[in-house]
2 protein chains.
Amino acid sequence: MPKVSEQHREQRRRQILDGARRAFGRHGYAGATVPVLEQEIGLSRGAIFSYYPSKLDLFTALADDARAREGDLWLEQGFEGVVRRVAEQEPEWIGVHAEAVRMLRSDPELRARWASLAGGGAQQRLVERYCDLQAAGEIRSDVPVDSILRFLGVLVDGLVTQRSAGFPLDVEGTVELVRAALQPK
Amino acid sequence: MPKVSEQHREQRRRQILDGARRAFGRHGYAGATVPVLEQEIGLSRGAIFSYYPSKLDLFTALADDARAREGDLWLEQGFEGVVRRVAEQEPEWIGVHAEAVRMLRSDPELRARWASLAGGGAQQRLVERYCDLQAAGEIRSDVPVDSILRFLGVLVDGLVTQRSAGFPLDVEGTVELVRAALQPK
């Protein structure tokens with residue numbers, strides 16, 4: 001495939017995901033009908049569904065993309081960067097997260113699919129990063145990296161939940177307490 | 001009012017809240033229609049609405065009751081007891097929590113009302129408990145009690161979110177990392 005075409009496809013994909021995020025965030029999964037998706041994305045249903053064969057595929061791709069971007073941010077700016085992003089981010093991203101949780105709750109098939117998603121490899125890179133931090137003595141080694149990452153994941157979900165319910169976050173307090181939780185003994 | 005009548009009213013109130021929890025947990029707020037509420041509670045709409053004048057009043061009372069019970073558990077068994085309860089609790093309670101978050105997100109009036117609820121005084125008793133723990137040197141004093149309780153509240157919301165999305169919890173890891181976060185320096 002010629003390079004210009006690949007670039008074009010990647011741009012289109014980004015356009016679709018950005019529009020779909022607005023559509024799902026504002027209208028919820030059920031409310032993001034095909035006309036609403038066409039409107040927010042600015043492409044016809046034919047064009048959209050040539051990239052993502054179903055609405056569920058589109059939503060899953062969006063969730064995976066959000067996870068990959070969160071992972072990249074986490075790797076670049078540390079957990080503190082993620083906390084700040086949640087505290088400051090636009091409400092529409094938050095709506096997608098809440099919607100994903102609701103759908104995961106009611107749909108075991110989606111849950112299996114979700115668990116198999118790689119998030120652009122972000123999860124694996126995070127595991128490597130935290131193993132490195134343990135090896136360098138920067139975080140405690142008496143708790144497995146898996147437990148540490150699950151703990152931090154729970155915190156992110158809680159922060160998103162509180163933000164989505166409209167409550168402000170205590171960024172400094174959170175960051176300080178997390179630092180103490182991970183400190184080498 | 002004679003004592004037997006007060007007892008009767010309290011029993012009825014409990015019957016209504018227990019049935020309403022099942023109704024909202026299984027069917028969501030919109031799906032818990034008046035006939036569904038009558039069915040799950042086992043009382044007529046007249047009887048139900050003589051205690052709670054509207055569906056929103058009933059839902060708010062339920063959320064406040066859940067908060068009071070969580071507070072009592074926390075005071076009796078510590079934060080670890082709350083984590084274990086979330087890990088083991090019945091999915092229908094979880095559904096009510098998710099629904100409350102969704103409603104708080106979309107309804108600023110409900111948010112204001114929620115903030116003014118006392119949760120049976122549980123929040124105030126928790127503040128006193130954690131102040132006592134600081135005074136006794138059992139937890140760190142360099143972070144305000146408010147930050148500590150908000151941090152733990154975020155964790156509870158995150159744990160409930162992960163459970164509601166169908167993921168298992170790492171109780172031991174969570175408890176150990178929280179202990180370290182609060183440890184006096």
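The values are calculated or read from the model by the stated rules, or taken from the named source; none is laboratory data. Fair warning: this is a prediction, and the values are worked out from it, not measured in the lab. So basically every Cβ, Gly included, is an ideal-geometry build from the backbone, and we count neighbours across all protein chains shown. Only protein heavy atoms, including side chains, enter the accessible area calculation; ligands, DNA and RNA are left aside. Shrake-Rupley method; radii C 1.70, N 1.55, O 1.52, S 1.80 Å.
Quick notes on this structure:
- For segment B:27-46, a residue qualifies if it is small (Gly, Ala, Ser), at pLDDT below 95 and open to solvent by 20 Å² or more (accessible area, probe 1.4 Å), and the qualifying residues are B:ALA30, B:GLY31.
- Selected residue (only one of B:LEU110, B:LEU75, B:LEU104 is in contact with a Ser or Thr (Cβ under 9 Å, 6 or more places away or on another chain) and within 29 Å of B:PRO168 (Cβ to Cβ)): B:LEU104
- Unique residue being at pLDDT below 90 and open to solvent by 50 Å² or more (accessible area, probe 1.4 Å) when the list is B:ALA118, B:ALA122: B:ALA118
- B:ASP146 being without any contact (Cβ under 8 Å) to a residue 24 or more places away in the chain and surrounded by fewer than 19 Cβ atoms within 10 Å (Cβ to Cβ): yes
- Residue satisfying all of: in segment B:146-158; among the hydrophobic types (A, V, I, L, M, F, W, C) and touching an Asp or Glu at 6+ places or on another chain (Cβ under 8 Å); nearest to the other protein chains (Cβ to nearest Cβ) among these: B:PHE151
- Which listed residue is away from chain B (no Cβ under 14 Å) and crowded, with 19+ Cβ neighbours inside 10 Å, from A:LEU62, A:LEU73: A:LEU62
- Residue in segment A:125-143 that is farthest from the other protein chains (Cβ to nearest Cβ), counting only those that are open to solvent by less than 80 Å² (accessible area, probe 1.4 Å) and in contact with a Gly (Cβ under 8 Å, 6 or more places away or on another chain): A:LEU126
- Look at (1) surrounded by fewer than 15 Cβ atoms within 10 Å (Cβ to Cβ); (2) within 20 Å of A:VAL160 (Cα to Cα); (3) modelled with pLDDT of 75 or more and you find that A:GLU92 fails only one, number (3).
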